[in-house]
């Protein structure tokens, strides 16, 4: 796993001034083809340190926006009739439309469904773009901070020349991060639902 991040960071660093553009392109293209955003966020932290957070944040928002627009114009006309024929799917989509921002915020906190797939599904609804992007930005920020921090930590460990056994600890920390994100997301969803 470490070699993937080292290779990515080396590639980005050799790009010089073009490296932020490469990151933006990776996030946007990754959103279109469902590359896991957490992986890109960790790589961003590994390559740029904490400066990777605003870059990852803006890039992920651009990718989510593009997916929404593409889905709204290409998928929605073709799929909306099929959704209307299924009572369960129709009810689920109407619930998302009624809840708007809140539905997007809660679903974005869930690590179960990949972010890109969520974006395509949101684009099929009649959800307002402002509610979509606000829910996306606020719902993904906490996990993104942890992911960029993980990349930054990995970079620090490698630069310090820590022993190989530390890499195993870092990998365990990454697994713990994923579990913590899921638990925090579930707790936040529960609190928000209780308040509603």
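The values are calculated or read from the model by the stated rules, or taken from the named source; none is laboratory data. Every value quoted in this text rests on a predicted model; they were computed, and no experiment measured them. Using ideal geometry, Cβ is built from the backbone for each residue, glycine included, and neighbour counts are taken over all protein chains shown.
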Taking the conditions exactly as written (under 19 Å from residue 33 (Cβ atoms), in contact with a helix residue (DSSP H, G or I) (Cβ under 9 Å, 6 or more places away or on another chain) and free of Cβ contacts under 8 Å to residues at least 60 places away in the same chain), does residue 70 satisfy them or not? yes
Would a scan of the stretch 94-101 turn up a residue that is surrounded by fewer than 15 Cβ atoms within 10 Å (Cβ to Cβ) and under 30 Å from residue 18 (Cβ atoms)? no
Could you please find all residues in the stretch 1-31 being farther than 18 Å from residue 153 by Cα, part of a helix (DSSP H, G or I) and modelled with pLDDT under 70? 11
Tell me, yes or no, whether the stretch 82-92 has at least one residue that is in a helix (DSSP H, G or I), touching a residue at least 12 places away in the same chain (Cβ under 8 Å) and farther than 18 Å from residue 31 by Cβ. yes
Only one of 78, 72 is farther than 25 Å from residue 160 by Cα, at pLDDT 85 or above and part of a helix (DSSP H, G or I); which? 72
Give the stretch 122-145 a look and list any residue that's surrounded by fewer than 20 Cβ atoms within 10 Å (Cβ to Cβ) and in a helix (DSSP H, G or I), or say none. 129, 130, 131, 133, 134, 137, 138, 141, 142, 145
Those residues of the stretch 30-43 which are out of contact with any helix residue (DSSP H, G or I) (no Cβ under 8 Å at 6 or more places or on another chain) and closer than 17 Å to residue 68 by Cβ amount to none
